[in-house]
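Chemist: What follows is a structure written as structure tokens; I'll ask about it next.
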Amino acid sequence: MAGLDLTGRTAVVTGASRGIGLAIAQAIAEAGANVVLTSRSQEAADAAAAQVKGQAVGVGAHAVDEEAAQRCVDLTLERFGSLDILVNNAGTNPAYGPVIEQDHGRFAKTFDVNLWAPVLWTGLATRAWMGEHGGAVVNTASVGGMAAEANIGLYNASKAALIHLTRQLALELSPKVRVNAVAPGVVRTKLAEALWKEHEQAVSASMALGRIGEPADIASAVAFLVSDAANWITGETLVIDGGQLLGDALPFRQGVGIGV
């Protein structure tokens, strides 16, 4: 599809040293874009960039470090001449357990990385390039932002806020900048290991599509959302969860309830 060609465009992907972020950077590069990958350390960013085909640069920049973020945006424009795509992928989850048992440090870290960082980077990208020339932003949210779950309530609250922020920014930055989000389900990443590693077979069996997600599943959707094929889509959150939000698929496969 011609609309998926990103040749001549430049993307910044935060939190791109591994997992979903790295897969997104690879998918966008394969579609023809130049890609700048960020990670907390320069070493990790360089190692990730080496795994991306085409023009790719790694930048050591913690997602909430305002000076580092500004340097990254400046470097992107100096190196490639534009900043057409921003993927706010960096995320963290240092808080586990009931929400009221979390301290302020865990609360602040969760919301700083998962919510403030997308505000920071989107603002910088808009002022530096997108506000005048246009662009596309995608935020990595989560299906957790659409449901209540035990023990990861603080993380889910931050992702629910990110889903709302996506709609807010889509209006504030219209018509020049499109802003969308993806909401992954259980994906084979280090951040989500606790959700699948010890019981992958059971988790997979409960899903409509019979498996947990792979980073590439999310990456292909992001590549679509930042392309011209999605040029009339903004303010939306695309759920990519193998049917997780539909509920437990096992009773349907076993025929329970059929004909009732």
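No lab work stands behind these numbers, since they all come straight from the coordinates. Since the structure is predicted, the reported quantities are computational estimates derived from the model, not experimental observations. All Cβ positions, even for glycine, are placed from backbone atoms using ideal geometry, and neighbour counts span all protein chains on display.
Chemist: Compute for segment 68-209: radius of gyration divided by Kirkwood radius, i.e. Rg/Rh, restricted to C-alpha atoms, rounded to two decimals.
Modeler: That ratio is 1.03, to two decimals.
Chemist: So, with +1 on the Cβ of K and R and -1 on the Cβ of D and E, and no other charges, what is the size of the charge dipole of segment 106-223 about its Cα centre, to the nearest 20 debye?
Modeler: The dipole of segment 106-223 has a size of about 200 debye.
Chemist: What spacing in nm lies between the two simple spin-label points modelled at Ala50 and Ala202, each 7 Å away from Cα in the Cβ direction?
Modeler: 4.0 nm
Chemist: Name the residues whose placed amide hydrogens come within less than 5 Å of the amide hydrogen of Ile240, ignoring near sequence neighbours (fewer than 5 apart) on the same chain.
Modeler: Excluding prolines and chain starts, which carry no amide H, the hits are Ala183, Gly185.
Chemist: Using only C-alpha positions, report the orientation-averaged shadow area of the convex hull of the chain, nm², one decimal.
Modeler: Dividing the Cα hull surface by four gives the mean projection, 15.3 nm².
Chemist: A follow-up question, please. Sort Lys176, Lys53, Lys159 so that the residue with the fewest other Cβ atoms within 10 Å of its own Cβ comes first and the one with the most comes last.
Modeler: Taking fewest neighbouring Cβ atoms as first place, the list is Lys53, Lys176, Lys159.
Chemist: What are the ³J(HN,Hα) couplings of segment 148-165, residue after residue, when phi is run through the Karplus curve with 6.51, -1.76, 1.60 and θ = phi - 60°? Round to Hz, x for glycine and proline.
Modeler: My calculation for segment 148-165 gives 9, 9, 5, 6, 10, x, 5, 4, 5, 5, 5, 6, 5, 5, 5, 5, 5, 4 Hz in order.
Chemist: Among Trp232, Trp121, Trp129, what is the fewest-to-most ranking by other Cβ atoms within 10 Å?
Modeler: Listed from fewest to most nearby Cβ atoms, that is Trp232, Trp129, Trp121.
Chemist: How fast does segment 88-144 diffuse by Stokes-Einstein, in µm²/s, taking the Kirkwood radius from C-alpha pairs at 25 °C and 0.890 mPa s?
Modeler: 190 µm²/s
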